[in-house]
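What follows is a set of notes on a single structure, which appears directly below.
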Amino acid sequence: MSALEFDFMQRALVAALLVGLTAPAVGVFLVQRRLALMGDGIGHVALTGVALGFLLSTAPVLTAVVTAIAGAVVIELVRQHGRTGGDVALALLFYGGIAGGVLLIGLAPGGSNANLLSYLFGSLTAVSPADVVVISALSGALLLTLAVVGRQLFAVCHDEEYARVAGLPVRTLNLLLAVSAAVTVTVAMRVVGLLLVSALMVVPVATAQQLVRGFRATVVVSLVAGVLAATSGVLGSYYVDAAPGALIVVLALCGFAVATLAGTLVRRLRGTSTATASETVSLLPREAHR
Amino acid sequence: MTDPVIDLRGGSVHYDGRPALEAVDLQVVAGEVVAVLGANGSGKSTLVRALLGLVPLSAGQLSLFGTPAAHFHDWPRIGWVPQRTAASTGVPATVGEVVATGRLAVRGLRPARAADRVAVARAIDAVGLTARTKDSVGTLSGGQQQRVLIARALTCDPDLLVLDEPTAGVDAESQHALADTLAALVAGGTTVVVVTHELGPMSDLVTRAVTLAAGRVLHDGPPPDLDHLHLHDPHHAHPVHGPHSRTRSSTWGLR
């Protein structure tokens, strides 16, 4: 009797697959911009949105999406225009989001800590058929958007000033990235949970960095790492009866540790022979004629 | 007569109320190779950043290729080579990936075509880094990283190339490679504005020198005879003949 025979497990796995793809796909740009913790900030804000949903007796996913997008746009605007640094803007959102969430859920009639916990750390049984539809639609839209403007986002995240001189719509692209991060957070919320969603945006990317040296290669490897961690975490949590978010992140971190070890070994083996050899070869033709 | 490539009149820039550039006039016509010189804090970087729209002018008018800057959208005509920073981005990128971003100015949202790939490969070849195309930029030397930034600016065949301190922290070999690349571009008719505090191998190319001090133009004219100045220590410069050359050599020796 396999875990896959249960409808809720099938739904959770589909959700995990999509989250495993979208979270690193958006996260790679955040890491490149050195805003790795942005997903965390947005996750905290989304908590206020979830609580607001309970309070208003509407679907928490809906209020979470709206609140998360609003929070992400505020972070981006503060970063662009404000005198406050990006890190301080994030910190303000961390505190405001958690405090607002706990406050509102206390005010909500049916709100309880158990409810909140499933949103904070994810839950296997939380993914309803309607959630699968919403998650699929949002993930699809996100991945499509990134496929179209991925190069532009790369240019902006790599060198914002250069992108401006190249005539790219830098402000719009930055807002688009912020909104993408917000949508990702809400997509991942049911399976991974709001407090750990950011880990799935960052850890697979950090893992890929240990193994490859280009941006495109980093994207591919981080997607693979993200999907592996998310799906195996969901499956595993069925057997050990743990919060899926926690297991997914622990597995992702194990992957990072293994990749770091493998990367170090490979570099050490290569470092003494191949790297220096290719350096010399590539320099020779240019400098020899002088 | 064709429009000047750059036409700045009375350009001023203020940072938080402090003036960084005051009433600067700068006209550059096609084919010129202008060196912008000055000590640290003289406003030379601010000047080129204002020309590119990276810092707003608090006063003055700017036209690029005859179009007022506010209405200028022909960005592929301008190649920008920023000052190389030691800070790397969070995710490594290959030489090919970084240079390819230069092509976005003409590509917009459409996928890369064969012509784009050719342009990128040619730009990388022009700076002599073809063998390193698939290597991470972070593994290159400072001079090679500078050449990557130049290749990125060349992907759209710009009419105007603007470089900020391209030789700072760059080894002698890369400085020569840079000068070779620039010479080929200048021979092809590219207009060049280069901010620098030492010309080194580029001095043969420069047709005009603009020296800034405290945000104002101190000197604007043909570069002085540099043969001895860049070969010898400026502190042991040859005897100065007459007041005119004294002014020039004294402004030239800025470091």
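Just so you know, all these numbers are worked out from the coordinates, no wet-lab data involved. This structure is a prediction, so every number in the text was calculated from the model and none was measured. Neighbour counts are summed over all protein chains in view; Cβ atoms, including those assigned to glycine, are modelled from backbone coordinates with ideal geometry.
Points worth noting:
- Here's how it looks for B:Ala30: its modeled amide H is under 5 Å from those of B:Val5, which are all 5 or more places away or on a different chain.
- By the helix-only formula, in which each DSSP H run with n ≥ 4 contributes -39500 (n - 2.57) and the sum is divided by residues, chain A has a 222 nm mean residue ellipticity of -27500 deg cm²/dmol.
- Peptide A:149-157 has a mean shielding of 4, counted as Cβ atoms of other protein chains within 10 Å of each residue's Cβ.
- ³J(HN,Hα) computed for each position of the range A:89-99 - Karplus, 6.51 cos²θ - 1.76 cosθ + 1.60, integer Hz, glycine/proline x: 4, 4, 4, 4, 5, 3, 5, x, x, 5, 4
- Global size of the range A:1-51: 15.0, 46 Å for Rg and Dmax (C-alpha atoms, Rg to one decimal, Dmax whole).
- Between 0 and 90°, nearest 10: helix A:244-270 axis offset from chain A longest Cα axis: 10 degrees
- For the residues of A:210-222, the average number of beta carbons from a partner chain within 10 Å of their own beta carbon is 4.
- Between 0 and 90°, nearest 10: helix A:60-81 axis offset from chain A longest Cα axis: 40 degrees
- Directionally averaged projected area (the range B:6-223, Cα convex hull): 12.1 nm².
- Scattering curve values for chain A, log₁₀ I(q)/I(0), Debye with Cα scatterers, q = 0.11 Å⁻¹: -0.66
- Result for chain A in a Gaussian network model with C-alpha springs under 10 Å: among A:Ala163, A:Ala46, A:Ala206, the largest mean-square fluctuation is at A:Ala163.
- Reported value for the range A:107-159: 151 Å³ per residue, from the convex hull of its C-alpha atoms.
- Across chain B, the relative contact order, built from alpha-carbon pairs under 8 Å that are at least six residues apart, equals 26 percent.
- Counts of other chain beta carbons within 10 angstrom of each beta carbon in peptide B:97-105 average 6.
- Structural descriptor for chain A: relative contact order 29 percent, calculated from alpha carbon pairs under 8 angstrom and at least 6 residues apart.
- Per-residue HN-Hα couplings for the range A:24-37 [Karplus 6.51, -1.76, 1.60; θ = phi - 60°; Hz; x = Gly/Pro]: x, 4, 7, x, 4, 6, 5, 5, 4, 7, 6, 10, 4, 8
- Here the peptides B:104-113, B:42-51, A:171-180, A:23-32 are ranked by packing, the mean other Cβ count within 10 Å, and the order with the highest first is A:23-32, B:42-51, A:171-180, B:104-113.
- Equivalent ellipsoid semi-axes, the protein assembly as shown, via Cα gyration tensor eigenvalues times 5, rooted, Å: 52, 27, 19
- The calculated 222 nm mean residue ellipticity attributable to helices in chain B amounts to -8500 deg cm²/dmol, summing -39500 (n - 2.57) over DSSP H runs of n ≥ 4 and dividing by all residues.
- Highest-first packing order for the peptide set B:11-19, B:28-36 is B:28-36, B:11-19, based on the mean count of other beta carbon atoms within 10 Å.
- Crossing angle, helix B:242-252 versus chain B [Cα axis fit, 0-90 degrees, rounded to tens]: 30 degrees
- Summary value for the range A:50-205: 32 percent relative contact order, contacts being C-alpha pairs under 8 angstrom separated by 6+ residues.
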